[in-house]
Amino acid sequence: MEFELVKRFRFEAAHLLPHFPEGHKCRRLHGHSFVVEIRVCGEADAHTGCVMDYGDIKAAAQPFVDSLDHRYLNEIDGLDNPTSEQIAAWIWDRVAPKLPGLAAVAVDETCTTRCIYRGPGRTIDAEGTADDRATRARGGSA
């Protein structure tokens, strides 16, 4: 039986989106109270009954979230165009090597906007279901 664990983090940061048209509000310097969700999937251990300790998720992600807190995101290496999509991928690239079972990184800029990144090699169908191309290539199901 597979489970999905979710750990939330928050950070405050400023950015501007330099590739938006002149005059667009997002091209101007502004800030957000970002919420990041790290999602991990896996089987529960027979002995502990857990997929993993939430503290392990925190240990893997918190240093990278902290490196974004109260910063001007455009000045961070790899985030010169810090869209929600780019922030989610940036976090994924740093957390994935430290967190087995990482399934998704979600970034909320506001209470009504969210980007979910499920990692390289994944596609999303019209119903919003993730499809793992690598698993399909092996003849399995995602």
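Rule-based calculations on the coordinates, nothing more; no lab input. None of these values were measured; they are calculated from a predicted model. With ideal geometry, Cβ positions are generated from the backbone for all residues, glycine too; neighbour counts draw on all protein chains shown.
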Angle between the chain longest axis and helix 54-66 axis [Cα atoms, degrees, rounded to 10]: 20 degrees
Sites excluded, GluC sites (Glu not before Pro) in DSSP loops with at most 14 other C-beta within 10 Å, longest stretch of the chain: 23-126
Spin-label pair Arg122/Lys98, simplified geometry with 7 Å Cα→Cβ offset, distance in nm: 1.9 nm
The chain - mean residue ellipticity at 222 nm from DSSP helices (-39,500 (n - 2.57) per run, n ≥ 4, rounded to 500): -6000 deg cm²/dmol
18 Å cut-off, amide nitrogen to a point 7 angstrom out along Asp53 Cα→Cβ, residues in segment 65-101: 98-101
Length-normalised contact order for the chain - Cα pairs under 8 Å, 6+ apart - percent: 24 percent
Extension gain from Gln62 to Asp77, taking 0.36 nm per residue of separation minus the Cα-Cα distance: 3.6 nm
Between helix 84-95 and the chain: long-axis angle, C-alpha atoms, 0 to 90°, nearest 10: 50 degrees
Projected label distance in nm at Glu2 and Ser33, using a 7 Å step from Cα toward the beta-carbon: 3.4 nm
